[in-house]
């Protein structure tokens, strides 16, 4: 098996605007105003859809089907012994053409108990183009007060509950399950997450979505909001969620390792990408990865059986992987 360069996989008509920054990063011509996400190496569908969001390989097969047919070759024996053919990973490029709504994602236990899903949705971001993020409560909030703000759609108050932080290229943001957050307009980021599409929306004004019907995942807001963390975080705690990535090596806080991993590999001459299932994003430069010529904006799907790869040239790689088995 060999690495496979992947084209864009951008589901159309999402509920928020964006897409131009993904086109520019990838060197593509044109964009639609509501294609703000590129689902890379995806075995996950958009919530409620049967196929939308899934990655199709160059030979026409869905990645989901290819992995199910030969999980050891794709994921490795140790991974399969622990998790079967579950890749445990979804990677996206995300362009916030407008500020995203205040929202949160459920944790594993909540998703299993109330939604029958194999995962919740932890996520973390590597910032490619900066701006403002809103993450974590500034102080404890009463559950009844939070529910009231949602019902009244008091957007200013909801946003005011959160820490507002400026981020720049090379920063990382860790968003544990249940943590309230919103991505500011103008940000381009690489997102790693558990392979589910589950969002609890606390605001929806100005977005192309029926929030009262869809914002609670079909559970009703009384139950859905029980998955939201209502504990405030002191400023020093927020620095554990938002920080500058090291120049090389593992970039996310250690708490994210149980969900996914991201490695930053600068290439100045030669560098090695260790063996294992991964999704490689070229953040800058022009390189040769294995036998594939790649440049900034390229995305490459690497099966376990491709082995270790040598990268040559001048640039940088971001290597996304599932948790270590």
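Each reported figure results from applying straightforward, stated rules to the coordinates on display, with no laboratory input. Bear in mind that the values here come from a model prediction, so they are computed numbers and not experimental data. Cβ sites come from the backbone with ideal geometry, for glycine too, and all protein chains shown count toward neighbours.
Between the Cα long axis of helix 143-152 and the first principal axis of the chain there is an angle of about 90°, rounded to the nearest 10. Note on volume of the Cα convex hull per residue in Å³: of the candidates (1) 229; (2) 140; (3) 121, the value calculated from this structure sits at (3). The label point for residue 168 and the one for residue 132, both projected 7 Å from the Cα toward the Cβ, are 1.9 nm apart.
Dividing the summed helix terms, -39500 (n - 2.57) for each DSSP H run of n ≥ 4, by the number of residues in the chain produces a 222 nm estimate of -4000 deg cm²/dmol to the nearest 500. Taking other C-beta atoms within 10 angstrom as a stand-in for reagent exposure, 42, 250 fall in the order 250, 42, fewest first. Here the gap between residue 61 and residue 28, fully extended at 0.36 nm per residue and compared with their Cα-Cα distance, gives a gain of 9.5 nm. Rounded to the nearest 0.05, the FRET efficiency derived from the C-beta distance between residue 113 and residue 314 at R0 = 51 Å is 0.55.
Can you give the relative contact order of the range 5-147 as a percent, counting alpha carbon pairs under 8 Å and 6+ residues apart?
Values: 180 pairs, mean separation 29.5, N = 143.
That works out to 21 percent.
The fewest-to-most ranking of 46, 187, 29 by surrounding Cβ atoms within 10 Å reads 29, 46, 187.
Please rank 235, 299, 45, fewest neighbouring Cβ atoms within 10 Å first, as an exposure proxy.
Values: 235 10, 299 25, 45 18.
By the 10 Å Cβ count, ascending: 235, 45, 299.
Residue 47 to residue 148: extension gain in nm, 0.36 nm per residue of separation minus the Cα-Cα distance?
Working: separation 101, 0.36 × 101 = 36.36 nm, distance 2.63 nm.
Between residue 47 and residue 148, full extension yields 33.7 nm more.
Its relative contact order, with pairs defined as Cα atoms under 8 Å and 6+ residues apart, puts the range 256-321 at 49 percent.
Tell me the relative contact order for the chain as a rounded percent, counting alpha carbon contacts under 8 Å between residues six or more apart. Walk me through the numbers on the way to the answer.
Working: 813 pairs, mean separation 68.1, N = 325.
After rounding, I find 21 percent.
One decimal place: the segment residue 5-residue 222 gains 73.7 nm when fully extended, by the rule 0.36 nm per residue minus the C-alpha distance.
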